[in-house]
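Please treat every number below as a calculation from the coordinates, not as lab data. Keep in mind that what you see is a predicted model, and the values were worked out from it rather than measured. Positions of Cβ are backbone-derived with ideal geometry, glycine not excepted, and every protein chain shown enters the neighbour counts.
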Amino acid sequence: MTGALAGALDGLRVLDLSRLLPGPFCSLLLADMGADVVKIEDPQGGDYIRWIPPYIQGRGAQFMALNRNKKSCKLNLKHPRGVELLLKLTEQYDVVLDSFRPGVLDRLGAGYEAARARNPRIIYCAITGYGQDGPYRDRAGHDLNYIGYAGSLSLTGNADRPPVIPGVQVGDLGAALLGAVGILSAVIAREKTGAGQFVDAAMMDAAMGMLPLVMAMVAGGEPAPQRGESMLNGGQPVYGVYETRDGLFVNVGAIEPKFWKKFCALVQRPDLEMLHFDTGAGRDKLHAEMTAMFKTRTRAQWMDLLEEQDVCVGPVLSLDEAMQDPHALARNMIVDVDTHSGPVKQTGTPIKFSATPPSLRMPPPEFGEHTAEILAQAGVDAAELEQLQSQGVI
């Protein structure tokens, strides 16, 4: 490929069979970076998240957030002709992405081996809950189940209370990121070998893969960390969240001695400096002192004093506030996306490039909007298109 690139992944062609969050977020990253992504959707409803409220002029806001820069093609993979058309398309594409349980597409005749027989260069990525093997492979699950098995849920929350459900889907989004990394790694490997491969990205694996430091502590001979008791999950007052006088919250992460020393000086409490890493009665005293101290001023007043200083203190913003944060805006993490329902605010692409920046090229597709265009690549003309529709293939 020569000349300027429209994006870092310009020329990479992806058939996305996935639904809901993990797969679509994976292909969203690829699409924003320039890949040509086609959503293959079942004619009987397509991606389920299309129909989940809230709606913007009748269109699902969550679907739009995950599916910009993509095209939509209806195709019934339970129909033999639908499977044949999919396999015909794989001959011209680089990647197939799916989120079905293991074995589902194999039983339909549309799995990796069938695709590889048509195109040995195909890269086939499956994002599933528990992966392609192991005793849990066939189980249903959601993010809460995956992080429960992975051990990460047990670490979240206060020591004297039940585990707290995270505000974001750790396993789901983690597997989406692993899927994207796996796909791109396979693309690089294909340049060397000429052959594609199968990429297995599991949500439980993703959640467990985020615990290297916790497991290193155990490997180093320390007891397994407990909820609310280790340095980074609430066990030390110097790394915590505190309520302010106006009922809002600030976060403190003054772990390093230089940050803690400066913090104590700024709040005019040099007497607290010696309690930095106290693990006995001093820890409880420090927590009580900081809890009382932060309630003496509003969040804004604390930020005026501490935010611009090197002490690792910041506000706990609401989502509305975060969407207006000047740094988030400067980093293009909140963007206006043109959709069929008009401009909509969405999260931007969290990867930045100096030469091939991500772009907003197409609105989230209407259901089956590009069916004729995509199936023409498989040799389907207008006459056959009508026939396929009458047969329930599209």
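Tabulated values for the structure
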{"quantity": "Residue, farthest from the chain's Cα centre (by Cα), within region 118-132, restricted to residues that are of a type in the set (Ser, Thr, Tyr) and farther than 13 Å from residue 13 by Cα", "calculated": "130"}
{"quantity": "Which numbered condition residue 53 fails, given (1) buried (at least 22 other Cβ atoms within 10 Å of the Cβ); (2) over 18 Å from the mean Cα position of the chain (by Cα)", "calculated": "(1)"}
{"quantity": "Output for region 46-93, where each listed residue is in a strand (DSSP E or B) and without any contact (Cβ under 8 Å) to a residue 60 or more places away in the chain", "calculated": "55, 60"}
{"quantity": "Flag for residue 259 being in contact with an Asp or Glu (Cβ under 8 Å, 6 or more places away or on another chain), of a type outside the set (S, T, N, Q), surrounded by 16 or more Cβ atoms within 10 Å (Cβ to Cβ) and more than 30 Å from residue 67 (Cβ to Cβ)", "calculated": "yes"}
{"quantity": "Among (1) in contact (Cβ under 8 Å) with a residue 40 or more places away in the chain; (2) aromatic (Phe, Trp, Tyr); (3) within 24 Å of residue 155 (Cα to Cα) - the single one residue 239 does not satisfy", "calculated": "(1)"}
{"quantity": "Region 334-389, residues that are surrounded by fewer than 13 Cβ atoms within 10 Å (Cβ to Cβ), part of a helix (DSSP H, G or I) and in contact (Cβ under 8 Å) with a residue 60 or more places away in the chain", "calculated": "373"}
{"quantity": "Region 293-320 - residue that is part of a helix (DSSP H, G or I) and hydrophobic (A, V, I, L, M, F, W, C) and, of those, surrounded by the most Cβ atoms within 10 Å (Cβ to Cβ)", "calculated": "302"}
{"quantity": "Total residues in region 171-199, condition within 12 Å of the chain's Cα centre (by Cα) and crowded, with 22+ Cβ neighbours inside 10 Å", "calculated": "8"}
{"quantity": "Top-ranked residue in region 190-203 [being among the hydrophobic types (A, V, I, L, M, F, W, C) and in contact with a strand residue (DSSP E or B) (Cβ under 9 Å, 6 or more places away or on another chain); ranked as farthest from residue 351 (Cα to Cα)]", "calculated": "198"}
{"quantity": "Candidates 31, 35, filtered to the one that is within 17 Å of the chain's Cα centre (by Cα), surrounded by 15 or more Cβ atoms within 10 Å (Cβ to Cβ) and closer than 22 Å to residue 340 by Cα", "calculated": "31"}
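Residue by residue, here is whether (1) surrounded by 22 or more Cβ atoms within 10 Å (Cβ to Cβ); (2) under 26 Å from residue 186 (Cβ atoms) holds:
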residue: 118; (1), (2): no, yes
residue: 128; (1), (2): yes, yes
residue: 133; (1), (2): no, yes
residue: 139; (1), (2): no, no
residue: 143; (1), (2): yes, yes
residue: 149; (1), (2): no, no
residue: 158; (1), (2): no, no
residue: 161; (1), (2): no, no
residue: 164; (1), (2): no, no
